[in-house]
Amino acid sequence: MPSDWVEVEKVVATTRVKVRRKGEGPPLVVLHHDFGTPPDLPFYDLLAQSFDVVVPEHPGFGESERPVWMRSVRDLAALYRALLNELEVERPILVGLGFGGWVAAEMATMGAGDVERLVLVGSMGIRPNEGFILDQALVGYMDYAQAAFEDPARFDAVYGAQPSNDQLELWDICREMCFRIAWKPYMYSVSLPFLLSSLPVRTLLVWGREDKIVPVSTAAQFEEALPDATLSVIDNCGHAVDMEQPEALGGLIRNFCTG
């Protein structure tokens with residue numbers, strides 16, 4: 001198995017997209033949070049022990065080019081389907097984290113036969129019946145990222161007690177792109193629950209019990225909407241399950257996809 005991540009850039013839908021890849025085995029695509037992703041996370045390396053892991057950077061959320069034409073999350077999902085074709089990735093396991101879960105769900109509804117399995121972790125995309133999705137316009141961008149963690153020490157371990165100016169700028173860029181494509185309605189789709197009702201893809205739902213960004217009660221709404229879904233709730237964990245509990249999440253995904 002390759003020891004290092006391979007980084008490439010692909011142009012799809014006239015947009016330059018940065019992609020990192022590592023590992024061997026069934027293809028697995030990880031779609032990251034709305035506040036971006038550090039490039040080096042233990043979670044990604046854990047998955048690369050069992051899968052061919054592909055981690056694209058959302059266009060407009062970092063170093064990937066901003067698509068000025070993009071107006072919706074479904075646009076982003078369509079772009080990613082074109083990207084996977086360009087990368088020659090067939091029938092991948094889609095793992096969506098938070099906002100990335102919404103994108104993954106939209107991708108699956110566009111062609112269920114192209115998806116092996118679906119994993120949604122603290123996913124946005126459905127309007128909560130109880131509570132609300134935390135509005136990042138009402139808090140600072142660093143406060144929003146911190147809200148994704150139940151344990152402040154885990155936030156510090158990932159980003160540092162004093163995040164760099166580059167990181168602060170990145171969070172601001174991510175927030176602006178969210179406002180471009182997921183503002184009205186904020187972080188959910190009216191149509192997604194209805195589209196999910198006919199999705200014949202085995203799905204794993206994972207939530208942190210202390211999720212302060214997407215209420216854990218929303219997991220039950222996804223479970224009700226999906227024909228074949230299994231739910232796992234992780235204690236002592238917030239929204240960023242991949243960063244707070246990487247071993248637990250990695251184990252759940254491995255067992256779900258290889259069992």
> Between rounded, prolate and oblate, where does the stretch 172-259 land on the alpha carbon gyration tensor, with a ≥ b ≥ c its root eigenvalues, rounded for a/c under 1.5, else prolate if a/b exceeds b/c?
Replying inline: oblate
>> Could you tell me which residue out of S189, P42, V139 lies farthest along the dipole of the stretch 6-258 toward its positive end? Charges go on the beta carbon: Lys and Arg +1, Asp and Glu -1, centred on the Cα centre.
In response: S189
> Along the stretch 107-118, what does the Karplus equation 6.51 cos²θ - 1.76 cosθ + 1.60 (θ = phi - 60°) give for ³J(HN,Hα), rounded to whole Hz, x for Gly and Pro?
Replying inline: 4, 5, 5, 7, x, 4, x, 8, 10, 6, 8, 10
> Could you name the lysines in cross-link range of K184, using Cα to Cα under 23 Å and dropping any fewer than eight places away on the same chain?
Replying inline: K212
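Report, in debye and to the nearest 20, how large the dipole of the stretch 1-134 comes out about its Cα centre when Lys and Arg carry +1 and Asp and Glu carry -1 on their Cβ. Numbers along the way, then the final one.
On the way: 13 positive and 19 negative charges, 78 e Å.
Its charge dipole is roughly 380 debye.
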> When Rg is the radius of gyration of the Cα atoms in the stretch 113-259 and Rh is its Kirkwood radius, what does Rg/Rh come to?
Replying inline: 0.97
>> What is the sum of charges, Lys and Arg at +1 and Asp and Glu at -1, for the other residues whose Cβ falls under 12 Å from the Cβ of V95?
In response: 0
> Shape call for the stretch 1-138 from the C-alpha gyration tensor, a ≥ b ≥ c root eigenvalues: rounded (a/c under 1.5), prolate (a/b greater than b/c) or oblate?
Replying inline: rounded
> Among the DSSP beta bridges whose two residues both lie in the stretch 6-258, what percent are antiparallel, rounded to the nearest 5?
Replying inline: 35
>> Can you give the local net charge around N236? Use residues other than it whose beta-carbon is closer than 11 angstrom to its beta-carbon, Lys and Arg +1, Asp and Glu -1.
In response: -3
> Picking from I253, Y159, G60, whose Cα lies most toward the positive end of the charge dipole for the chain (charges on Cβ: Lys, Arg +1; Asp, Glu -1)?
Replying inline: G60
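Taking each pair of different alpha-carbon atoms in the chain once, compute 1/r for the pair, average those values, and report the inverse of that mean as the Kirkwood hydrodynamic radius in Å to one decimal.
18.0
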> Rounded to the nearest 20 Debye, what is the dipole magnitude of the stretch 6-258 about its Cα centre when Lys and Arg each give +1 and Asp and Glu each give -1 at the C-beta?
Replying inline: 680
> Which listed residue (I126, V6, W69) has the Cα farthest towards the positive end of the charge dipole for the chain, taking +1 on Lys and Arg C-beta and -1 on Asp and Glu C-beta about the Cα centre?
Replying inline: W69
> Where does the stretch 194-236 land on Rg/Rh, using Cα atoms and the Kirkwood Rh?
Replying inline: 1.00
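Each reported figure results from applying straightforward, stated rules to the coordinates on display, with no laboratory input. This is a predicted model, so every value here is computed, not measured. In this analysis, Cβ positions are derived from the backbone assuming ideal geometry, glycine residues included, and neighbour counts consider all displayed protein chains.
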